[in-house]
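Take a look at the structure below.
The values are calculated or read from the model by the stated rules, or taken from the named source; none is laboratory data. Only a predicted model underlies this, so the values are computations on that prediction, with no experimental measurement involved. Don't worry about glycine lacking a Cβ; one is built from the backbone with ideal geometry, like all the others, and counts go over all protein chains shown. Protein only, heavy atoms only, side chains kept; ligands, DNA and RNA dropped before computing areas. Shrake-Rupley method; radii C 1.70, N 1.55, O 1.52, S 1.80 Å.
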Amino acid sequence: FSHRVYHSANDEIGELAVTLNKMARDIEDKVLAISSQGQQLMAVFNSMIEGVILTDKSGIIISINQAVENIFNVTRQEAEGKLFLEAIRNNEIAEVIRNILDKGRFFSKEITLHFPVQRIFEVNATPIFKNASVNGALVVIHDITEIRRLETVRRDFVANVSHELKTPLTSIKGFVETLLEGALEDKENNRNFLKIIQSHADRLDVLVNDL
């Protein structure tokens, strides 16, 4: 489209030349704009933290991004143009893709990879439609390993704190009830009870400061 027609006469051929040149410029501008948009989309596609897999209606991989290459240790050249299981040997994701292509509905699943290190992923897949029929699948893979690890840490933390607080609180409550039930008048032991309560209160204070 960079070629131009040169005809200086003001006749019909000249008008045709002007029209062709304008069309060529317009098409060239649109091609450049589309190319630029394509490059921008590709840059976004490859810079995404989430893994993205695009397949056709037969389950053949059309494209994967850099994140998928890193997760499954596969190159784009090795994966594109192949059935998913031929390129990436993961039955759970293959099942998700089959589900999408067969049923045409959004599907989500959590999977765990054990090699080379254990990692947990949330796989979200959605169908791609063309003329009201499923024409492919878009699979997005989120690494939620850190989220699950933090949830485990939080559960363990709450369990440990509950256990550590329960012992002194139970002791304090028990000795207070004993005192209220009449031990307060027991001059031989009431100070010992209060010292025990004080000791457990001090322990609670240390725990709270640690927290």
Worksheet item: On average, how much accessible surface per residue is there in the chain, in Å², for a 1.4 Å probe, leaving out ligands, DNA and RNA?
Response: 70
Worksheet item: Considering the chain as a Gaussian network with a 10 Å cut-off on Cα pairs, which listed residue, I62, I27, I120, attains the greatest mean-square fluctuation?
Response: I27
Worksheet entry | Spin-label zone in the stretch 37-51 - amide nitrogen under 18 Å from a point set 7 Å from the Cα of R119 along the C-beta vector | 45-51
Fill in: Residue-level accessible surface for K103, protein heavy atoms, 1.4 Å, Å²
120
Worksheet item: Looking at I61, S108, V176, which one has the Cα that reaches farthest to the positive end of the dipole of the chain (charges on Cβ: Lys, Arg +1; Asp, Glu -1)?
Response: I61
Worksheet entry | Residue among T167, T152, T112 with the largest mean-square fluctuation in a Gaussian network model of the chain, springs linking Cα atoms under 10 Å | T167
Discussion item. Heavy atoms of the protein only, probe of 1.4 Å, neighbouring chains included. What is the accessible area of M48 in Å², nearest 10?
Written reply: 70
Worksheet, complete the sentence: Candidates D29, D11, D56; GNM for the chain (alpha-carbon contacts under 10 Å) flags as most fluctuating D11
Worksheet item: Does the stretch 143-211 classify as rounded, prolate or oblate by the C-alpha gyration tensor (a ≥ b ≥ c root eigenvalues; a/c under 1.5 gives rounded; else a/b over b/c gives prolate, otherwise oblate)?
Response: prolate
Discussion item. Can you pull out the chymotrypsin sites (Phe, Trp or Tyr not before Pro) in the stretch 1-91 whose DSSP state is coil and whose Cβ has at most 16 other Cβ atoms within 10 Å?
Written reply: F1, Y6
Discussion item. Just the number: Rg to Rh for the stretch 56-189, Cα atoms, Kirkwood Rh, two decimals.
Written reply: 1.45
Worksheet item: For the stretch 5-71, with equal point scatterers placed on the C-alpha atoms only and solvent neglected, what are the log10 I(q)/I(0) values from the Debye formula at q = 0.17, 0.26, 0.27, 0.28 1/Å, to two decimals?
Response: -0.72, -1.02, -1.04, -1.07
Worksheet entry | Where trypsin sites (Lys or Arg not before Pro) fall in DSSP loop in the stretch 1-39, at most 14 other Cβ within 10 Å | R4
Item to complete: Please tell me which of these pairs span more than 22 angstrom C-alpha to C-alpha: K30/K130; K166/K187; K57/K82; K109/K130; K173/K195; K30/K82?
Response: K30/K130; K166/K187; K109/K130; K30/K82
Response to the item:
The relative contact order of the chain, taking Cα pairs under 8 Å that sit 6 or more residues apart, comes to a percentage of 12
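How large is the dipole of the chain about the Cα centre if only Lys and Arg carry +1 and Asp and Glu carry -1, each at its Cβ, rounded to the nearest 20 debye?
320
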